[in-house]
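*Asks:* Quick one: the structure is below, questions incoming.
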Amino acid sequence: MMTIPPEVTRQKEQLARFLARQETEGFKEPPVRLSTYLQLHQQRRLWWLRGNCAGRILEVGCSWGYVLALCKGHVGVDVNPDTIALASILSPDKEFHVASATALPFQDAEFDTVMLPEVLEHMPWEEVNLALSEAARCTRRWLLVTMPDGEHETQDAINIKHAWLCTTQKLAEILLTLDKLGFVTRTQRQAGFWLIEANRSR
């Protein structure tokens, strides 16, 4: 009898929760709580982002702007107009736009660094390659991605707001996409997260 790997079962459960949530009419995702960002494992992830940012910085999926501010970024986008309105009040010195990760309103190579922190897992899997392509189009040099490690039993990994789990197989597909887009990548598995630093090689 074939044994179903635990991550497959978890991913099916995750998908069922995501689809049920998508059916809720008028649902607007609330901003990320400050208490979430202040957890030690989250702070390690965020300081990794800050340490790898350089030049003019764009954050995709910026919520209310905490990560952008911590990383001394310049521009943030999010699909939720409510969180963008809040970000504009909290950081009036920065530029914010309501936009999708799959259709960024910027010129080619407009930024030195584009961040996608905890963004891809919120999107339907079939849109992930398009989001990566858009981020790649907008950066001259660096692309930084963080995602919860879907093979660890953490609240970050199984959050109901996530559309899929980042297993090692999914990670390999993301890295292959980045390779095809002309990036050399380095990955780290740290405190329940996957951290991807992608450097444009050609």
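The values are calculated or read from the model by the stated rules, or taken from the named source; none is laboratory data. Note that this is a predicted model, so its numbers are computed, not measured. Cβ coordinates were reconstructed from backbone atoms using ideal geometry, including for glycine residues, and neighbour counts include every protein chain displayed.
*Asks:* ALA103 passes all but one of (1) closer than 30 Å to LYS12 by Cα; (2) surrounded by 14 or more Cβ atoms within 10 Å (Cβ to Cβ); (3) at pLDDT 95 or above; which number fails?
*Replies:* (2)
*Asks:* With respect to ALA198, determine if the residue is in contact (Cβ under 8 Å) with a residue 24 or more places away in the chain, part of a strand (DSSP E or B) and not β-branched (Val, Ile, Thr).
*Replies:* Yes; evaluated as a whole, the condition is true for this residue.
*Asks:* Now, a different point. Scan segment 35-59 and report the pairs whose first residue is under 22 Å from HIS74 (Cβ atoms) and whose second residue is aromatic (Phe, Trp, Tyr) and surrounded by 13 or more Cβ atoms within 10 Å (Cβ to Cβ), with Cβ atoms within less than 6 Å and a gap of 6+ or a chain change.
*Replies:* Hits for this filter: TYR37/TYR66; ARG45/PHE193; ARG56/PHE111; LEU58/PHE111.
Residues checked against (1) exposed (fewer than 15 other Cβ atoms within 10 Å of the Cβ); (2) among the polar types (S, T, N, Q); (3) assigned to a strand (DSSP E or B); (4) touching a helix residue (DSSP H, G or I) at 6+ places or on another chain (Cβ under 7 Å):
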| site | (1), (2), (3), (4) |
| --- | --- |
| ASN129 | no, yes, no, yes |
| GLU134 | no, no, no, no |
| ALA157 | no, no, no, no |
| TRP164 | no, no, no, yes |
| LEU171 | no, no, no, no |
| ARG186 | yes, no, yes, no |
| ARG189 | yes, no, yes, no |
| TRP194 | no, no, yes, yes |
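*Asks:* Now for a separate question. For segment 141-155, how many residues meet the condition of being in contact with a helix residue (DSSP H, G or I) (Cβ under 7 Å, 6 or more places away or on another chain) and of a type in the set (S, T, N, Q)?
*Replies:* Residues in segment 141-155 being in contact with a helix residue (DSSP H, G or I) (Cβ under 7 Å, 6 or more places away or on another chain) and of a type in the set (S, T, N, Q): 1 in total.
*Asks:* Okay, next question. Name the residues in segment 59-100 that are touching a Gly at 6+ places or on another chain (Cβ under 6 Å), assigned to a helix (DSSP H, G or I) and either of a type in the set (Ser, Thr, Tyr) or surrounded by fewer than 17 Cβ atoms within 10 Å (Cβ to Cβ) (or both), would you?
*Replies:* LEU90
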